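Colleague: The structure is given below, and queries will be raised subsequently.
The values are calculated or read from the model by the stated rules, or taken from the named source; none is laboratory data. What you are looking at is a predicted structure, and each value in this text was computed from that prediction instead of being measured. Don't worry about glycine lacking a Cβ; one is built from the backbone with ideal geometry, like all the others, and counts go over all protein chains shown. Side chains included, ligands, DNA and RNA excluded: accessible areas come from the protein's heavy atoms. Shrake-Rupley method; radii C 1.70, N 1.55, O 1.52, S 1.80 Å.
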Amino acid sequence: MDSEDDMHDAYDADSLDEDFYSGGTPMGSDDGDADYDFVDNESEDSEDITSHRQQQNYTILNISDIRQHQDEDISRVSTVLSISRVSACVLLRHYKWSVSKVHDEWFADEENVRKAVGLLEKPLEMPHTRELTCGICFESYPRVEMSAAACGHPFCGACWRGYIGTSVTDGPGCLMLRCPDPSCGAAVGEDMINMLTSNDDKEKYSRYLLRSYVEDNRKTKWCPAPGCEFAVEFVMGSGSYDVTCNCSYSFCWNCTEEAHRPVDCATVAKWILKNCAESENMNWILANSKPCPKCKRPIEKNQGCMHITCTPPCKFEFCWLCLGAWSEHGERTGGFYACNRYEAAKQEGAYDESERRREMAKNSLERYTHYYERWATNQSSRQKALADLHSMQVEKLEKLSDRQSQPESQLKFIIEAWLQIVECRRVLKWTYAYGYYLPEHEHAKRQFFEYLQGEAEAGLERLHQCAEKELQVYLEAEAPMKDFNDFRTKLAGLTSVTRNYFENLVRALETGLKDVGPSSNQATCSKSSSSKNLVGGKGSKMGKVKVTGTSSRAAVRTSDDGNLWSCEHCTYANPRSVNVCQMCEKHR
């Protein structure tokens, strides 16, 4: 992991041995006497970390904001180049709304740019005659009923409406509309659209123009959440790609999938493809079925003896073990439950290759299932946490405020805890995709990763337990409870410690666990020091958590004296008198 100077501190130096994530401090003990005092780190490093957390490298835009940004860009180009707003809009569309690109290209070769986008330097007028012939329908109309782009080619109003209407119906391509004359490339601007077409087509054109500002602009993207109409303007080269829209949906700016730190976009793409691909179906078929010797259709044997009959129209009867015709089997080959031919052939090596392939497919499928099930479970837990967060914001917070006689402004620590749970569930979910693609041969790195992942799961479960079950006591109380402030301190402490651990876990995984060498011994020796660095270590940059109070320190000492036992599943420190973990309810 990173050196101590680069890691965040969750505890004071004198309480390192009381490491929260190693189960030394009984955060969830029943006596409720533990007091958690948060000591702010006054160093500049702490201020840097805080400002980094609060720094936002993107801006959320609504429809009005997008239109305002678009108008400002058009006005800027129009002013600098001394051209009309319509011409400036045509230029910006052509260069994907990049103001700097328009300026560079224009001042480098104005003539070539005009030719490329269809802007004539000197607009031409229609011939000055009483009647003109339409270039589409070839009917003659008075000059006042004819219209033309900057090129001067005259067309009647009906033909213009039909031409523009068809183009608008076809989609956003209408934004690059040119003169109907096949030999002309003059641009048809928004002014002609508004003058010549119907109100419906005007609205569609305006909507396409607005959307093009987001979809063609490399600095902006629509939020991918269903039904969301917000766009995001992103500052390139500013670190994390994670973006949270005003609709509460978090996604990756780079690939527009849901936010997936600590996994990179390429790994996410592979994982999603694997979850949707037919490859796992084929692995399952290979691992759990055999082909009929006659028609080659895969057959799954889920019960019964070794006598298999293929489905119609094949109806071939064969032995499941050796795939030979059943007519050649009987008592001398082992009967219904065994096959001497198969055993003999297996000893001779005749079935080694097929069995090896089937075994490999089965192992591969089991490994994928292991990671996918845990990935999906954390996704479900995150969705449940989101629902609980909404319920807390809408209903329970007001109820808790009444029951405990606390203003809602003093209960924000509960919302912060639930927001942290939601975020940690997301991170934990993607660590399983990370673990799936971690190279098999890097045993030390894999061993250390699984250790850190287990610690993260245990810590998150403690926070979730406190925010969900322990809070219920105060929600159901008939009168204000004296120990509510102790609960506030405990939950805020768990939130802070869990946040610090997960932030550093993400940072460590994003760097590829670079401090773990190829030796398994090194990984084993690194567990203690590096995991403490993740949660806290001397000289680190986060605010510190110090356990104070006589009872909590006494509890830690009793742990050292052997009066507590640590649960193997969640590492919670339980009294010797109980045989079931008070946190995860697993037996000792």
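Colleague: Of everything in the stretch 159-180, what is out of contact with any Leu (no Cβ under 6 Å at 6 or more places or on another chain) and among the hydroxyl-bearing types (Ser, Thr, Tyr)? Give them in sequence order.
Modeller: Within the stretch 159-180, TYR163, THR166, THR169 meet the criteria.
Colleague: Output the qualifying pairs, or none if there are none: Cβ atoms under 6 angstrom, residues six or more apart or on different chains, first residue in the stretch 109-127 and over 15 Å from ALA149 (Cα atoms), second residue open to solvent by less than 70 Å² (accessible area, probe 1.4 Å).
Modeller: Between residues of the stretch 109-127 that are over 15 Å from ALA149 (Cα atoms) and residues that are open to solvent by less than 70 Å² (accessible area, probe 1.4 Å), the close pairs are VAL113/GLU105; VAL113/TRP106.
Colleague: Criterion first (closer than 21 Å to ARG374 by Cβ, at pLDDT 65 or above and within 45 Å of the chain's Cα centre (by Cα)) does ILE299 satisfy it?
Modeller: Here the answer is no, as ILE299 does not meet what is asked.
Colleague: Which of the residues belonging to the stretch 183-232 are within 27 Å of the chain's Cα centre (by Cα), free of Cβ contacts under 8 Å to residues at least 24 places away in the same chain and more than 13 Å from TRP97 (Cβ to Cβ)?
Modeller: TRP222, PRO226, GLY227, CYS228
Colleague: So the check is Cβ under 9 Å with 6+ separation or different chains; which pairs have a first residue in the stretch 413-424 that's under 18 Å from ASN485 (Cβ atoms) and a second one that's open to solvent by 30 Å² or more (accessible area, probe 1.4 Å) and aliphatic (A, V, I, L, M)?
Modeller: The qualifying pairs are PHE413/ALA492; GLU416/ALA492; ALA417/ALA492.
Let's see how each residue does on (1) within 32 Å of the chain's Cα centre (by Cα); (2) over 24 Å from SER212 (Cβ atoms); (3) loosely packed, with under 11 Cβ neighbours inside 10 Å; (4) modelled with pLDDT of 90 or more:
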position: ASP35; (1), (2), (3), (4): no, yes, no, no
position: ILE60; (1), (2), (3), (4): yes, no, no, yes
position: HIS69; (1), (2), (3), (4): yes, no, no, yes
position: SER78; (1), (2), (3), (4): no, no, no, yes
position: HIS94; (1), (2), (3), (4): no, no, no, yes
position: ASP109; (1), (2), (3), (4): no, yes, no, yes
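Colleague: Would you kindly identify the helices (runs of 4 or more DSSP H) lying entirely within the stretch 347-455 that contain at least 1 residues that are modelled with pLDDT under 90, buried (at least 16 other Cβ atoms within 10 Å of the Cβ) and within 19 Å of the chain's Cα centre (by Cα)?
Modeller: 352-391
Colleague: On the basis of being buried (at least 21 other Cβ atoms within 10 Å of the Cβ) and within 25 Å of ALA266 (Cβ to Cβ), does ALA467 make the cut?
Modeller: When the stated conditions are applied, ALA467 does not pass them.
Colleague: On to the next question. Just to be sure, is GLU145 farther than 17 Å from SER84 by Cβ and of a type in the set (D, E, K, R)?
Modeller: So GLU145 passes the test.
The rows are residues; the columns are (1) without any contact (Cβ under 8 Å) to a residue 12 or more places away in the chain; (2) of a type in the set (A, V, I, L, M); (3) within 25 Å of PHE234 (Cα to Cα); (4) in contact with a Lys or Arg (Cβ under 6 Å, 6 or more places away or on another chain).
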site	(1), (2), (3), (4)
ASN62	no, no, yes, no
ILE74	no, yes, yes, yes
VAL77	no, yes, yes, no
VAL90	no, yes, yes, no
SER100	yes, no, yes, no
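Colleague: For the condition over 31 Å from the mean Cα position of the chain (by Cα), in a helix (DSSP H, G or I) and at pLDDT below 90, what is the one hit in LEU475, LEU534?
Modeller: Only one candidate passes the filter, namely LEU475.
Colleague: Does GLU47 fit the bill of being closer than 30 Å to ALA149 by Cβ and either part of a helix (DSSP H, G or I) or at pLDDT 95 or above (or both)?
Modeller: no
Colleague: Okay, next question. Give the residues of the stretch 116-137 that are over 18 Å from ILE83 (Cα atoms), open to solvent by 70 Å² or more (accessible area, probe 1.4 Å) and part of a loop (DSSP other than H, G, I, E, B), sorted by residue number.
Modeller: GLU125, HIS128, ARG130, ILE136
Colleague: Within the stretch 96-107, can you find the residues that are crowded, with 16+ Cβ neighbours inside 10 Å and either more than 19 Å from THR220 (Cα to Cα) or aromatic (Phe, Trp, Tyr) (or both)?
Modeller: TRP97, HIS103, GLU105, TRP106
Colleague: Can you tell me which residues in the stretch 220-234 are touching a Lys or Arg at 6+ places or on another chain (Cβ under 9 Å) and over 21 Å from VAL263 (Cα atoms)?
Modeller: Listed by number, the residues that qualify are TRP222, ALA231, VAL232, GLU233.
Colleague: Give the stretch 146-168 a look and list any residue that's in contact (Cβ under 8 Å) with a residue 24 or more places away in the chain, open to solvent by less than 30 Å² (accessible area, probe 1.4 Å), more than 11 Å from GLY135 (Cβ to Cβ) and part of a helix (DSSP H, G or I), or say none.
Modeller: Answer for the stretch 146-168, where residues must be in contact (Cβ under 8 Å) with a residue 24 or more places away in the chain, open to solvent by less than 30 Å² (accessible area, probe 1.4 Å), more than 11 Å from GLY135 (Cβ to Cβ) and part of a helix (DSSP H, G or I): GLY157, ILE164, GLY165, VAL168.
Colleague: Of all residues being more than 17 Å from ASP170 (Cα to Cα) and either polar (S, T, N, Q) or touching a Leu at 6+ places or on another chain (Cβ under 7 Å) (or both) in the stretch 198-230, which is most open to solvent (accessible area, probe 1.4 Å)? Just the residue, please.
Modeller: The extreme case among them is PHE230.
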